[in-house]
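For reference, the structure discussed in these notes is given below.
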Amino acid sequence: MAKTKLNFAEELKKYGAEDFEACYNCGNCSAICNLTNKDDSFPRELIRFSVLGLKQELKGSIKPWLCYYCGECSTKCPRQAFPGELMMAIRRWQISTYDWTGLSGILYKKTFAYIIAFILTIAMVLGISEYLNLTHEKIMHYGHLFEMFAIGGVFTFILLPNIIRMWYWSIYKHNIKFNFMHYFKALGELFTHMFTQKRTLSCEDTQENKIWWFEHMILVLGYLALLFTTVFLDWFGSKNMIVVYFGYIVSAVVFIVTFDFVIRRIRKSSEKTTFTHPSDWFFVIWLFLMGISAFVVRLFIDLNLLENSFFIYYFHLIVLVQWAIIIVPFGKWSHFLYRSFAMYFDKILKIK
Amino acid sequence: MKERIGVYICHCGGNISDYVDVKQISELVKEEKGVIISKDVMFACADSNQVDMINDIKENKLDSIVVASCSPKLHLHTFRNVAERAGINQYNYVQVNIREQCSWPHSDKPKEATVKAIGLIRAGINRVAFSESLEDIEIKTQKAVIVIGAGVAGMKAAIELSRTGNDVYLIEKDYFVGGRVASSNKVFMSDQNGKDIVAQLYKEIKKQNNITLFTATEIEKVSGSLGNFNVDIKITARYIAQNYDTALLQAAIEECNIFVPDEFNYGFSERKAIYKNYPEALPDVPVVDIKAIKKDLGFTEKYSKCFNLTQESQLLSLQAGAIIVTTGFDNYQPKEGEYEYKNIANIITLPELKRLIELNNGKLIFKNKAINKVTFIYCVGSCQTEGENKYCSRFCCTAAIHTSLQLKEKYKDIKAMHLYREIRTYGKQEILYEKSSKQGDIYIKFDEATPPLIEQKENNLLVKVKDILTNNIELELETDLVVLVTGMIPRANSLETGKKLKIPTGTDRFYNEIHPKLKPVETVIKGVYIGGACQGPKNITESVQSSLSAAAKVNALIKSGSIMLEPIIARINHDSCLWCGKCEEVCEYDALKQSEINGKMVAVVNKASCTGCGICAPVCPSDSIELIQYTNNEIEAMINGFTKKIELKEQEEVEAVLEEKTAIGMKEFPDIWKKIAASITEEAKTIPQISKELGVKNDVITYNIMTMNKYSIVDAEGIDDMDEYYFYKLKN
Ligand SMILES: Cc1cc2nc3c(=O)[nH]c(=O)nc-3n(C[C@H](O)[C@H](O)[C@H](O)COP(=O)(O)OP(=O)(O)OC[C@H]3O[C@@H](n4cnc5c(N)ncnc54)[C@H](O)[C@@H]3O)c2cc1C
Ligand code: SF4
Ligand code: SF4
Ligand code: SF4
Ligand code: SF4
């Protein structure tokens, strides 16, 4: 016996869902979707869960993650119910249920909370450096240390528990017996999807889609490489020319690609960029700022300008901190991680 | 007996003569008894041939004619006219169909087609020999119409008929007019209030001075037939004094404190012993509840001037040329226990909800409890695969959805759930469905085999339903009010009323039209029409449409004061009739009645209502009934003619034509074909257009175009605006 929650639609709308109650169940969306199949029927089924407020069913479903938001379904819906956007909103809602801290939910629902969080981080960075009366060297050193600890901390204390919670609802609760071999065999899926997002390619066979996928992959690789160069190769402190140039290249990749993404969202060039939730804006803009500020910081170091224009480093540091403790664990960045795990869990469920 | 018969056998420009050997037939039938002339003609219907026929008839003093050509549906009246113009009775003409019955269906067997044609033509000749000269029956009609039922359908029909100059008697059984619409508040699609629609129609009725409205009136007895119906009516008392003082009556109403449950509001409220259904109900004269008012004799004494408590029902007799029945429908009443109706409180029907909305402003309260969640269950009493009412009631999906929009509009915080089997918001009504789902109404689809279950749970109701749209998942819905969306059923007394009028009901028990498409408002009883929801579920628009078409039909029928009917009806030999009543029993049109003639009881045919169906003739044990134009003599003679032996010559020509048909090419076209072809290469034209352009007579063009059509040289492309002439175009 399934429990309905009647005003759930209102809740989902706060996560960015549009007019999905208009759906009259024709099933066009599921028919047109390239990623759905006999075993994984969506988006119509998830629209039903949402309309009826079947929260339990929705929470434990991996299907929202199988959608890569090409938006094809939204363009074909005769009732303008925007099923594609609903899938996106469901993912945001799911993240907020996975997140044990509850912060994701607050941030998704209230842009105002985001802004307060951003302001608090600025105050924190400036306050700490002022309070400890740090030299520029020290600030840069602590900045570097922060990056290292942030990665470890955010992952261990926030993302990992959340992924375990996700596993609990989508696998454990479905009474699937644990089988080590299954978990091991499926592991390949986790990494392929994490690095390639190859499902996107099955979406729509258009030039635009391919370009988008390619850009996205380059961005993921560029981002991970930038992380690696700054954190492990200490780009800002390095004297090794190879490291320095590599850093320039990858940071340039990050801000160029994100710039293009911002433009797409402004132009609303495709269905997937028609609706932009504040969290989407923060994600692309902050990534862009990260790339470009890192690039400029290193440039100033090379041109010996940093000492006199140290605000540039402050700027970079603030963006970095906001990114690492707000956007990565609670914002859109985490989609990347949950999606990869969703693909992994999905594989586990499907090994028979 | 006719002894000077003329026979014309038509080629139909090749349509017939390509397969049927018309030349040989025309030679053969010359030998038939009574045949004076026999001719084969290219187009029998052509003006020129009609003139020839008239000349032939006059010159040869013919007394009857036979044309063997196309279907009588096409040209019966053409040749009846020819006969009349030549001075012979139109019923001494017989048409034999050798195109639809011979050349077209048997084009693969030309020889057999010819044999069949000869047989049919001989039958026609023998039949015409026995034909009688007849006159059309003229029925004088009353220029008045009785409309039964003053719902929207009846009121609209009455207004229309009065505007076209007929007297109308509008008979309403209730004390007030308006029918079901008066009790619905806002109605789709116009969003007007039902009361206002009724008030508007009533005003219109009062403006016309030739509509007589009878309220609280029922029909007692109907007699007579088309043109002259006699209807006895009974008017029930209102118990209000004839010349009452308005102010005094008003004071009486105010002072009256005898209360009874108000049936108009399904007992949700109370009304006084002097009442109207609702304050604006029309006519604006209240009614006295005679049983209730007697509880307070002091009160009746005090206001005795207002009342006439001994008033009796009144009987009256009305005469009219035609009757329109617009008695509407009843709401389906759920059986006890159906969806727990009456077993559990807080389960009501849609019509009840409509009244509840009317009575509650600000907040929707039912049994002292605020209602926030409403669950509609659809198709209650309709679409029953196993049950009695197999039909869909058409209006209810839209009415429920429209009501749900109204709930939201009037009470804001109401959540509606719709448990449906199929959403049938056809046409523009679909917009309401979209609006409702966009406003957040939840739609859940269930299967007839697993209907929703309703349970009482503490203060609430719990509805359990399997949702087809969500993998048949079983849902539990908490709700404050369940609304059963009940359908339409025939009026409780519809059979009784139907019997008085002799109009039949269908298997759905609604009144039946003759043909749903071709005669949608006509009943088998001539002069009795149906309109509105008494005929089957209809919304307001559809009800008014049908009653207006009935009104238009009636107006056309009686407007001139007389009706001409074909004399092809039953005829009774009063000498041999024994009055056994068998014929009366079988006649569906109520056309046979017992009557005394020359001191003897016999059956008599009512000329106005007999349709000539012929069903009475074979049941008569004394063989006293004949159907005019289908008498025993005629039928026997036809059989003899058809079965007579036939000797045929070989038909070389026909085979040759068939071969030629595939071989023909542009080179071999006669000159006139080339001219026609040139004229219609670019643009499709009608025969008169081509004729004008080429300066050639119409019939010549007709002949040639027909032949070109037969050889697939031209193609017909649609018909002109007047529905008269086809456009022809050259085939590429
Ligand atoms: C709850 C509900 C909501 C609806 N909402 C809408 C809506 O929003 N929009 C819409 O288009 N339609 C709506 N409908 C349908 C609408 O009510 C009907 O289409 C309409 O009433 C049909 O009109 P009618 O005149 O044929 O019949 P009725 O309204 O039934 O009128 C028939 C009249 O004949 C009288 N009568 C019956 N028998 C006799 C007799 N033997 N002698 C004399 N008089 C007799 C009756 O007293 C009545 O006054 C609704 C129906 C219901 C039940
Ligand atoms: S295409 Fe639109 S209306 Fe049809 S099922 Fe999907 S969301 Fe609903
Ligand atoms: S957005 Fe694309 S992938 Fe997602 S459900 Fe719609 S059609 Fe499928
Ligand atoms: S209109 Fe709708 S509710 Fe009414 S009978 Fe038809 S399908 Fe059922
Ligand atoms: S069936 Fe024949 S005999 Fe009997 S009443 Fe009718 S006409 Fe007369």
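The values are calculated or read from the model by the stated rules, or taken from the named source; none is laboratory data. What you are looking at is a predicted structure, and each value in this text was computed from that prediction instead of being measured. Note that each Cβ is placed from the backbone with ideal geometry, even for glycine, and that neighbours are counted across all protein chains shown. Just the protein is used for accessible areas: all its heavy atoms, side chains included, with ligands, DNA and RNA removed. Shrake-Rupley method; radii C 1.70, N 1.55, O 1.52, S 1.80 Å.
Counting only residues that are surrounded by 14 or more Cβ atoms within 10 Å (Cβ to Cβ), in contact (Cβ under 8 Å) with a residue 40 or more places away in the chain and outside any loop (DSSP other than H, G, I, E, B), region B:558-603 holds 7 of them.
When B:K553 is tested against the conditions (1) among the basic types (K, R); (2) within 27 Å of B:G531 (Cβ to Cβ); (3) not in a helix (DSSP H, G or I), the lone failure is (3).
I'd like to check something: does region B:446-460 contain any residue that is within 22 Å of B:M189 (Cβ to Cβ), within 13 Å of chain A (Cβ to nearest Cβ) and without any contact (Cβ under 8 Å) to a residue 60 or more places away in the chain? The answer is no, given that none of the residues of region B:446-460 is within 22 Å of B:M189 (Cβ to Cβ), within 13 Å of chain A (Cβ to nearest Cβ) and without any contact (Cβ under 8 Å) to a residue 60 or more places away in the chain.
Quick check: anything in region B:93-103 over 34 Å from the mean Cα position of the chain (by Cα), more than 16 Å from ligand 2 (Cβ to nearest atom) and modelled with pLDDT under 95? Yes, region B:93-103 contains a residue that is over 34 Å from the mean Cα position of the chain (by Cα), more than 16 Å from ligand 2 (Cβ to nearest atom) and modelled with pLDDT under 95.
Take the conditions open to solvent by 10 Å² or more (accessible area, probe 1.4 Å), in contact (Cβ under 8 Å) with a residue 12 or more places away in the chain and within 13 Å of another protein chain (Cβ to nearest Cβ) and apply them to B:E422. Does it pass? Please lay out each step first, then the result.
On the way: open to solvent by 10 Å² or more (accessible area, probe 1.4 Å): yes; in contact (Cβ under 8 Å) with a residue 12 or more places away in the chain: yes; within 13 Å of another protein chain (Cβ to nearest Cβ): yes.
For B:E422, the condition - open to solvent by 10 Å² or more (accessible area, probe 1.4 Å), in contact (Cβ under 8 Å) with a residue 12 or more places away in the chain and within 13 Å of another protein chain (Cβ to nearest Cβ) - is met.
Cβ separations smaller than 6 Å between residues 6+ apart or across chains give the following pairs from region B:339-354 residues that are in contact (Cβ under 8 Å) with a residue 24 or more places away in the chain and closer than 10 Å to B:V483 by Cα to residues that are open to solvent by 40 Å² or more (accessible area, probe 1.4 Å) and assigned to a loop (DSSP other than H, G, I, E, B): B:E352/B:Y266. Check A:L35, A:L6 and return the single one that is more than 13 Å from chain B (Cβ to nearest Cβ) and modelled with pLDDT under 95. When all the criteria are applied, what remains is A:L35. Of the residues contained in region A:80-97, one or more are found to be crowded, with 19+ Cβ neighbours inside 10 Å and within 10 Å of another protein chain (Cβ to nearest Cβ).
Out of B:Y443, B:Y426, which single residue is under 30 Å from B:R509 (Cβ atoms) and in the same structural domain as B:H402 (by TED's automatic domain parsing)? Outline the logic, then answer.
Values: B:Y443 fails: under 30 Å from B:R509 (Cβ atoms).
Only one candidate passes the filter, namely B:Y426.
Here's a check for you: in region B:164-212, which residue that is away from ligand 4 (no atom under 16 Å from the Cβ), part of a helix (DSSP H, G or I) and among the basic types (K, R) is nearest to the other protein chains (Cβ to nearest Cβ)? Reasoning before the result, please.
Taking region B:164-212 first, the residues away from ligand 4 (no atom under 16 Å from the Cβ) are B:164-179, B:181-183, B:185-186, B:190-212.
If we keep only those that are part of a helix (DSSP H, G or I) as well, we get B:179, B:181-183, B:194-207.
Filter again for among the basic types (K, R), leaving B:195, B:203, B:206-207.
Numbers: B:K195: 33, B:K203: 41, B:K206: 45, B:K207: 45 Å.
So the residue we want is B:K195.
Name every residue in region B:392-403 that is buried (at least 19 other Cβ atoms within 10 Å of the Cβ) and either under 17 Å from B:D447 (Cα atoms) or away from chain A (no Cβ under 13 Å) (or both), in order of residue number. Show your work before the answer.
First pass over region B:392-403, keeping only residues buried (at least 19 other Cβ atoms within 10 Å of the Cβ): B:393-403.
Within region B:392-403, B:S393, B:R394, B:F395, B:C396, B:C397, B:T398, B:A399, B:A400, B:H402, B:T403 qualify.
Each residue in region A:220-258 was checked for being touching a residue at least 40 places away in the same chain (Cβ under 8 Å) and among the polar types (S, T, N, Q), and 2 of them qualify. Can you find a residue in region A:171-179 that is β-branched (V, I, T), modelled with pLDDT under 90 and over 22 Å from A:T97 (Cα atoms)? Within region A:171-179 (the criterion being β-branched (V, I, T), modelled with pLDDT under 90 and over 22 Å from A:T97 (Cα atoms)), the answer is no, since none of the residues qualifies. So which residues in region A:56-67 are under 18 Å from A:M217 (Cα atoms) and surrounded by fewer than 23 Cβ atoms within 10 Å (Cβ to Cβ), if there are any at all? Matches in region A:56-67: A:L66 only.
Among the candidates A:E45, A:E72, which residue alone is open to solvent by 20 Å² or more (accessible area, probe 1.4 Å), at pLDDT 90 or above and within 14 Å of chain B (Cβ to nearest Cβ)? Spell out the reasoning first.
Numbers: A:E72 fails: within 14 Å of chain B (Cβ to nearest Cβ).
Going through A:E45, A:E72 in turn, the sole match is A:E45.
Which count do you get for residues in region B:230-256 that are open to solvent by 20 Å² or more (accessible area, probe 1.4 Å) and touching a helix residue (DSSP H, G or I) at 6+ places or on another chain (Cβ under 8 Å)? Of the residues in that region, 2 qualify. Reported count of residues in region A:291-315, each being in contact (Cβ under 8 Å) with a residue 40 or more places away in the chain, assigned to a helix (DSSP H, G or I) and open to solvent by less than 20 Å² (accessible area, probe 1.4 Å), is 5. When every residue of region A:13-20 is checked against the conditions, none turns out to be within 14 Å of chain B (Cβ to nearest Cβ), within 16 Å of ligand 4 (Cβ to nearest atom) and either more than 17 Å from the chain's Cα centre (by Cα) or part of a loop (DSSP other than H, G, I, E, B) (or both).
Report, by residue number, each residue of region A:50-91 that is within 12 Å of ligand 2 (Cβ to nearest atom) and either in contact with a strand residue (DSSP E or B) (Cβ under 7 Å, 6 or more places away or on another chain) or β-branched (V, I, T) (or both). Steps first, please.
Within region A:50-91, the subset within 12 Å of ligand 2 (Cβ to nearest atom) is A:50-51, A:72-87.
Correct list: A:V51, A:T75.
Being touching a residue at least 40 places away in the same chain (Cβ under 8 Å), more than 11 Å from ligand 4 (Cβ to nearest atom), open to solvent by 50 Å² or more (accessible area, probe 1.4 Å) and in contact with a strand residue (DSSP E or B) (Cβ under 6 Å, 6 or more places away or on another chain): is that true of B:K363 here?
yes
For region A:3-42, a tally of residues being open to solvent by less than 30 Å² (accessible area, probe 1.4 Å), more than 16 Å from B:Y443 (Cα to Cα) and not β-branched (V, I, T) returns 10.
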